[in-house]
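Heads up, the thing below is written out as structure tokens.
The values are calculated or read from the model by the stated rules, or taken from the named source; none is laboratory data. Keep in mind that this is a model prediction, so the values were computed, not measured. Using ideal geometry, Cβ is built from the backbone for each residue, glycine included, and neighbour counts are taken over all protein chains shown.
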Amino acid sequence: MKRVSREDIILHLGDLVSLEALEHLRNLCQFEAVRGNCDMPDVRRGLPPRKVIEIERLKIGLVHGHGGPSDTLKSVKEEFAGKVDIALFGHTHIPYHHRENGTLYFNPGSLRSGRGEANTFGLLHLDCDPPCGEVIKIAGP
């Protein structure tokens, strides 16, 4: 797999935890993030709870989420249904990929605290029609 280049965009869905991690990611390439429930206060102060960005004419909603897995998905749908093309969320640490009523709901899982069979991250493919997410497994729990 290739390394992150300056042309890439990192979209982080919360639980960066430390200011050092936040600053490291900001220095790699374009970086967009929202805060998570496990972030330290100095990280939380610098990040919004949710945001909508536009990339290649696609509206992409970012939110961390809250509650159990079904509650998280329900709140993400309430927040973004019909308002964005892609809704990205975290919190559950469980990968999720489903399209509903024209909106892609995508949770890439968790890089360090994956629940289930592996730690994961996601790639968002905007050049597909329709756009899709890909979950990449990197290690066992």
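As an exercise: evaluate E117 against (1) closer than 20 Å to V52 by Cβ; (2) modelled with pLDDT under 95 and give the number of the one condition it does not meet.
It fails just one condition, (1).
Would you confirm, using the coordinates I've provided, whether L47 is touching a Lys or Arg at 6+ places or on another chain (Cβ under 7 Å), within 24 Å of Y96 (Cβ to Cβ) and without any contact (Cβ under 8 Å) to a residue 60 or more places away in the chain? It would help to see each step written out before you state the result.
Details: touching a Lys or Arg at 6+ places or on another chain (Cβ under 7 Å): yes; within 24 Å of Y96 (Cβ to Cβ): yes; without any contact (Cβ under 8 Å) to a residue 60 or more places away in the chain: yes.
For L47, the condition - touching a Lys or Arg at 6+ places or on another chain (Cβ under 7 Å), within 24 Å of Y96 (Cβ to Cβ) and without any contact (Cβ under 8 Å) to a residue 60 or more places away in the chain - is met.
With respect to D85, is the statement that it is of a type in the set (D, E), at negative phi and in contact (Cβ under 8 Å) with a residue 12 or more places away in the chain true? Walk me through it before giving the result.
Numbers: of a type in the set (D, E): yes; at negative phi: yes; in contact (Cβ under 8 Å) with a residue 12 or more places away in the chain: yes.
Criteria met by D85.
Just the residues that are of a type in the set (K, R) and free of Cβ contacts under 8 Å to residues at least 12 places away in the same chain, please, taken from the stretch 19-44.
If the condition is that a residue be of a type in the set (K, R) and free of Cβ contacts under 8 Å to residues at least 12 places away in the same chain, then R26, R44 are the ones that fit.
Of all the strands (runs of 3 or more DSSP E) wholly in the stretch 12-105, which have at least 1 residues that are surrounded by 16 or more Cβ atoms within 10 Å (Cβ to Cβ), of a type outside the set (S, T, Y) and touching a Phe, Trp or Tyr at 6+ places or on another chain (Cβ under 6 Å)? Give the derivation first.
On the way: elements: 30-33, 50-55, 58-63, 86-89, 96-100.
Once the strands (runs of 3 or more DSSP E) in the stretch 12-105 are filtered for at least 1 residues that are surrounded by 16 or more Cβ atoms within 10 Å (Cβ to Cβ), of a type outside the set (S, T, Y) and touching a Phe, Trp or Tyr at 6+ places or on another chain (Cβ under 6 Å), what remains is 58-63, 86-89.
Failed condition for S70, given (1) among the polar types (S, T, N, Q); (2) farther than 26 Å from R26 by Cα; (3) in contact (Cβ under 8 Å) with a residue 24 or more places away in the chain, with all others met?
Unmet condition: (3).
Checking L28 against (1) in contact with a Leu (Cβ under 8 Å, 6 or more places away or on another chain); (2) of a type in the set (A, V, I, L, M); (3) farther than 19 Å from V135 by Cβ, which test does it fail?
Only one criterion is unmet by L28, namely (1).
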